[in-house]
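Reading through the structure tokens given below for one structure.
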């Protein structure tokens, strides 16, 4: 039924510019006009990670709900957790429009939004009014014109500490000039030292421990993986998210593929999954990983887990598959666990990491 409804509404949504279609989706969610998940989650899909108990490993990635308008609706669709943001201290309009481009044939999107959001105050006001439970993460970023971008991340952690289940530190968006330089080991060392010191001060004052996840790009060099992971381990990051959008254009030619910005969707799947597996190997499976990029089916969701992910996140896949993608993924993961005789889907995490890590980032187009 969910898939049939989406089949009817998709032509309307795809007739609109991408940002207008997205706004229409958010308004529908705000008004409760969406199919609720009444079945719940198979106990085999429960995941204990980063000190939190997830009812299932499927989450909504940042970018879908930048301003904390619909986190509870995302979970009511069947997700085990939701993430809002990226939020910056001050509101900003982002880059000039048009800045989001569909690649329908390739089931992909290119965006150069540039952290457009309403700022800390607006998101905090909405999150503070939430009555429901569930795991809601806050993805924090820096303003484009900030004189101290690391201070913006510290401000995000401190400002949302009372309402966030966890924090995602976004230093890997390609759409804010210079932001990815914070992934350089020396800069990452400074960033993590200040962010973790701020968290330690809050914990020392009696506040609970809030997990901190760092989101990295799929475009980092092979020789950068070990130094970056070493910094993340040294500073006790609770998890690593792999990955953000890519600047590469694997096998894409012409049309909207020429647009600048980060590519997401199906063409990102291989690169992001290979990088996920390589990070899994570099951390020896000791740090939980969040697999992001190109998940649009139960099969691709399972592959992320087998490559090393404890949790997974969706966004672009939902644009093309609709909300029915979430229960389909959960059903496929449940079936995979049962087929392997695994009481928990976590038993499958990383079992094909070596195979994935050995693959090329850009597969042979032939």
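For the reader, a short list of remarks on this structure follows.
- Per-residue Cβ neighbour rank within 10 angstrom, fewest leading, 79, 229: 229, 79
- Mean residue ellipticity, 222 nm, helices only, the chain: the sum of -39500 (n - 2.57) across DSSP H runs of n ≥ 4, divided by residue count and rounded to 500, is -11500 deg cm²/dmol.
- Range of Cα positions in the range 290-366 per principal axis (Å), largest first: 34, 30, 23
- Between residue 193 and residue 93, the FRET efficiency from the beta-carbon distance, with R0 = 41 Å, is close to 0.85.
- In this label model, residue 130 and residue 28 are separated by 2.3 nm, measuring between points 7 Å along each Cα→Cβ vector.
- Relative contact order %, the chain, counting alpha carbon pairs below 8 Å whose residues are six or more apart: 17 percent
- From the alpha carbon centroid of the range 218-268 to that of the range 46-112 is 17 Å.
- Distance in nm between pseudo-label sites at residue 284 and residue 204 (7 Å out along the Cβ direction from Cα): 3.0 nm
- DSSP beta bridge pairing in the range 44-357, given as percent antiparallel to the nearest 5: 30 percent
- Residues of the range 252-288 with amide N under 19 Å of the 7 Å Cα→Cβ point at residue 226: 275-287
- Temperature 10 °C, viscosity 1.306 mPa s: under these conditions the Stokes-Einstein estimate for the range 44-357, based on its Kirkwood radius over C-alpha pairs, is 82 µm² per second.
- Between the alpha-carbon centres of the range 269-316 and the range 126-142 there is a gap of 24 Å.
- Dividing the C-alpha radius of gyration of the range 38-194 by 2.2 N^0.38 Å, with N its residue count, gives 1.09.
- Of the residues 6, 14, 115, the one with the fewest other Cβ atoms within 10 Å heads the list, and the complete ranking is 14, 6, 115.
- Stretch gain in nm, segment residue 247-residue 335, where the contour uses 0.36 nm per residue and the Cα spacing is subtracted: 28.2 nm
- Taking other Cβ atoms within 10 Å as a rough exposure proxy, 19, 222, 321 sort from fewest to most as 222, 19, 321.
- Tail weight of P(r) past 19 Å, computed on alpha-carbon pairs of the range 106-160, percent: 42 percent
Taken together, the values in this text are just the output of simple stated rules run on the coordinates, not laboratory data. Just so it is clear, the structure is predicted and the values come from calculations on it, not from any experiment. Cβ atoms come from the backbone with ideal geometry, glycine included; neighbour counts cover every protein chain shown.
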